[in-house]
Amino acid sequence: MTSTNSTRSAVVIGAGQTGVTAALGLLDAGFEVTLYSDRDQRALRDDVPATGTALEFGETQQAEAALGLDTYTARAPRHTGLSVRIAGPEREELIAFDGHFEGYAGVAVDTRLKADERLTSFQGRGGRFVVEQVTPERLDSLAAAADLTLVATGRGGLSELFEVDPARSPYAAPQRSLLTVTVTGLGHDESVFAHRSRAGGAHSGFSIFADQGEGWWGPYLHKDAGPSWAFLGWARPGSEWEKRFAAADSAESALGIVRGLYRDYIDWDLPEVESARVITEDPHSWLKGAVRPVVRSGVGHTAGGHVVASLGDTSAAYDPIAGQGAQSGLIQAQRLVAAAAVHDGPFDERWISEQYRAFLAARGDAANRVTRLFLGDPEFADIGGQLFAAAAVQPRFASALVGLLHRPQPFLGVDSLAAAGDFITEVTGEDAAEVLARFQPAGRFERSAFNASLASA
Ligand SMILES: Cc1cc2nc3c(=O)[nH]c(=O)nc-3n(C[C@H](O)[C@H](O)[C@H](O)COP(=O)(O)OP(=O)(O)OC[C@H]3O[C@@H](n4cnc5c(N)ncnc54)[C@H](O)[C@@H]3O)c2cc1C
């Protein structure tokens, strides 16, 4: 034995939910841990928007549970499925299905709440929390003194220290403009979104417009308002939706834009959307922007040649369309902690690279591929057409397709129309061609008959 657990030191830069999770995990694994943040704890909770919706499913919850952390499944409203509706370029109502999550549930927890609670535990258990904006020069001296240095500063921050992996980063620019707002005023019982699913407000609702973008509503746990709802919208470059999203400058205006969108395009969900209210105690309950999907190297070098590991959004930025970013970061954090706990040697370039390679093979590559499928990447357009049509006629396949958000791995091998057919056959036990032959355009989606005053009576 060259060292004992109690003498090893780790530095984590960035106190978003991924950095805090890794810091707490390393502390519990016997490391002496210092966590650096450019904001103090109160500011992390109250002065910034949540990084994203951060919907996560069973495999990610298991990673958190393996670290001994709360998964929030007892506190957050649960997602038990996803209802999908797809309209064509002429707004023709084409595909509708309601996929149930089989054997797992989703929760979308305010990243600020999760980071805040984990930060309190971290400090309570003896972790050192330092408020400081870490520069590349400062990182050099921190990495020189620590056995293991993790950089979890999000998509911006110190991410430039890690080279973009061109083979895994096919997009030169963001594929969508994003608008998100979390709201209150809407419950989660069967009367909500009942036109989409018998599960009502336990299923989130996704609407896809071929030429404009996508809109999604899902149950959410907000740091102040508690059980609530999140809207997340994606606008294609050059679309009318993109112009509308760009005009948002407050939670009120964001919700107004969303209402207008549902009135003009997605009227089947309009009554629910109209009953939503802004969360007045949180001026940061909304966000707009865009994410260029990129995968970076797992290893970076400081000016003095010390090795540091990337983590979370610093390793990979995902467009949120398939909900992979937070899930990926938490799984990566848990794997790193578990490997570090039993490693009896230096945390050198070789060790960090090996952990990252294994993480990409186990999760990261599949997460990226599924994101490209849901983005409608031309490379997967025909495959996607088959999979979504099969979901519309076969409930078991609808579950499998929405299950890719939970475990993207089955999609890794689907690289041709023949492989897509094999996937359909494997899940349904039926010949794929027979399944697809039953597909017919939806015609007209059922509209909501939701009555807010009756629901709250
Ligand atoms: C609109 C939207 C919706 C999303 N929805 C989902 C979803 O449904 N499911 C899912 O899995 N993922 C989703 N994501 C992705 C998810 O939100 C992120 O992957 C995750 O929250 C990133 O966490 P992080 O801790 O890695 O980074 P961040 O949350 O960005 O944390 C980084 C922290 O580092 C700090 N920092 C930066 N630079 C420095 C410095 N130099 N020194 C010290 N501190 C620094 C920052 O201030 C910040 O506090 C979504 C993303 C977006 C944008």
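Say whether the condition of being surrounded by fewer than 18 Cβ atoms within 10 Å (Cβ to Cβ), under 12 Å from Phe97 (Cα atoms), modelled with pLDDT of 95 or more and in contact with a strand residue (DSSP E or B) (Cβ under 9 Å, 6 or more places away or on another chain) is met by at least one residue in the range 377-390.
Among the residues of the range 377-390, not one is surrounded by fewer than 18 Cβ atoms within 10 Å (Cβ to Cβ), under 12 Å from Phe97 (Cα atoms), modelled with pLDDT of 95 or more and in contact with a strand residue (DSSP E or B) (Cβ under 9 Å, 6 or more places away or on another chain), which makes the answer no.
Pairs please, first residue from the range 117-133 and closer than 22 Å to Arg75 by Cα and among the aromatic types (Phe, Trp, Tyr), second anywhere and modelled with pLDDT of 95 or more and surrounded by 14 or more Cβ atoms within 10 Å (Cβ to Cβ), Cβ atoms under 6 Å, 6+ apart in sequence or on different chains.
Phe122/Ala23; Phe122/Leu24
Mind counting the residues in the range 132-157 that are closer than 26 Å to Gly30 by Cβ and not in a helix (DSSP H, G or I)?
Number of matching residues: 10.
Taking the range 42-58 as the region of interest, how many residues are within 11 Å of the ligand (Cβ to nearest atom) and within 21 Å of Asp70 (Cβ to Cβ)?
Just the residues of the range 42-58 that are within 11 Å of the ligand (Cβ to nearest atom), to begin with: 43-45, 47-57.
When the remaining residues are screened for being within 21 Å of Asp70 (Cβ to Cβ), the result is 44-45, 50-57.
Count: 10.
Would you mention how many residues in the range 1-41 are more than 15 Å from the ligand (Cβ to nearest atom), modelled with pLDDT of 95 or more and in a loop (DSSP other than H, G, I, E, B)?
Residues meeting the conditions: 4.
Would you kindly identify the strands (runs of 3 or more DSSP E) lying entirely within the range 79-131 that contain at least 1 residues that are assigned by TED's automatic domain parsing to the domain that holds Val183?
Values: elements: 81-87, 93-100, 128-131.
Counting at least 1 such residues, we get 81-87, 93-100.
Name the residue that is surrounded by the most Cβ atoms within 10 Å (Cβ to Cβ), counting only residues in the range 281-305 that are more than 22 Å from Ala326 (Cβ to Cβ) and out of contact with any strand residue (DSSP E or B) (no Cβ under 7 Å at 6 or more places or on another chain).
Once the filter is applied, the top-ranked residue is Pro283.
So, restricting to strands (runs of 3 or more DSSP E) that lie completely within the range 282-378, which ones have at least 1 residues that are over 30 Å from Leu82 (Cβ atoms) and within 22 Å of the chain's Cα centre (by Cα)? Before you say what the answer is, go through the steps one by one.
On the way: elements: 286-289, 299-301, 307-310.
The qualifying strands (runs of 3 or more DSSP E) are 307-310.
Kindly indicate whether Ala167 is surrounded by fewer than 16 Cβ atoms within 10 Å (Cβ to Cβ), small (Gly, Ala, Ser) and in a loop (DSSP other than H, G, I, E, B).
On the way: surrounded by fewer than 16 Cβ atoms within 10 Å (Cβ to Cβ): yes; small (Gly, Ala, Ser): yes; in a loop (DSSP other than H, G, I, E, B): no.
For Ala167, the condition - surrounded by fewer than 16 Cβ atoms within 10 Å (Cβ to Cβ), small (Gly, Ala, Ser) and in a loop (DSSP other than H, G, I, E, B) - is not met.
Mind checking whether some residue in the range 56-70 is touching a Leu at 6+ places or on another chain (Cβ under 6 Å) and either assigned by TED's automatic domain parsing to the domain that holds Ala339 or surrounded by fewer than 19 Cβ atoms within 10 Å (Cβ to Cβ) (or both)?
No, there is no match, as no residue in the range 56-70 is touching a Leu at 6+ places or on another chain (Cβ under 6 Å) and either assigned by TED's automatic domain parsing to the domain that holds Ala339 or surrounded by fewer than 19 Cβ atoms within 10 Å (Cβ to Cβ) (or both).
Could you pull out the residue among Glu137, Glu132, Glu160 that is within 16 Å of the ligand (Cβ to nearest atom), acidic (Asp, Glu), under 30 Å from Pro378 (Cβ atoms) and over 21 Å from the mean Cα position of the chain (by Cα)? It would help to see each step written out before you state the result.
On the way: Glu137 fails: under 30 Å from Pro378 (Cβ atoms); Glu132 fails: under 30 Å from Pro378 (Cβ atoms).
One residue alone meets the criteria, Glu160.
Would you pick out the residues in the range 27-45 that are of a type in the set (D, E, K, R) and without any contact (Cβ under 8 Å) to a residue 12 or more places away in the chain?
Result: Arg42, single match.
Does Gly68 qualify as being within 11 Å of the ligand (Cβ to nearest atom), within 20 Å of Ile331 (Cβ to Cβ) and assigned to a loop (DSSP other than H, G, I, E, B)?
Numbers: within 11 Å of the ligand (Cβ to nearest atom): no; within 20 Å of Ile331 (Cβ to Cβ): yes; assigned to a loop (DSSP other than H, G, I, E, B): yes.
For Gly68, the condition - within 11 Å of the ligand (Cβ to nearest atom), within 20 Å of Ile331 (Cβ to Cβ) and assigned to a loop (DSSP other than H, G, I, E, B) - is not met.
Inside the range 176-196, can you point out the residues that are in contact (Cβ under 8 Å) with a residue 40 or more places away in the chain, surrounded by fewer than 22 Cβ atoms within 10 Å (Cβ to Cβ) and more than 18 Å from Gly256 (Cβ to Cβ)?
Matches in the range 176-196: Gly187, His188, Asp189, Ser191, Ala194, His195.
Please pick out the residue among Glu274, Glu242 that is surrounded by fewer than 24 Cβ atoms within 10 Å (Cβ to Cβ), within 16 Å of the ligand (Cβ to nearest atom) and outside any strand (DSSP E or B).
Values: Glu274 fails: within 16 Å of the ligand (Cβ to nearest atom).
After applying the criteria, what remains is Glu242.
Among the listed residues Asp211, Asp165, Asp224, identify the single one that is away from the ligand (no atom under 15 Å from the Cβ), outside the structural domain of Phe450 (by TED's automatic domain parsing) and in contact (Cβ under 8 Å) with a residue 24 or more places away in the chain.
On the way: Asp211 fails: outside the structural domain of Phe450 (by TED's automatic domain parsing); Asp224 fails: outside the structural domain of Phe450 (by TED's automatic domain parsing).
Every option except Asp165 fails the conditions.
The values are calculated or read from the model by the stated rules, or taken from the named source; none is laboratory data. Being a predicted model, the structure only gives us computed values, none of them experimental. Cβ atoms come from the backbone with ideal geometry, glycine included; neighbour counts cover every protein chain shown.
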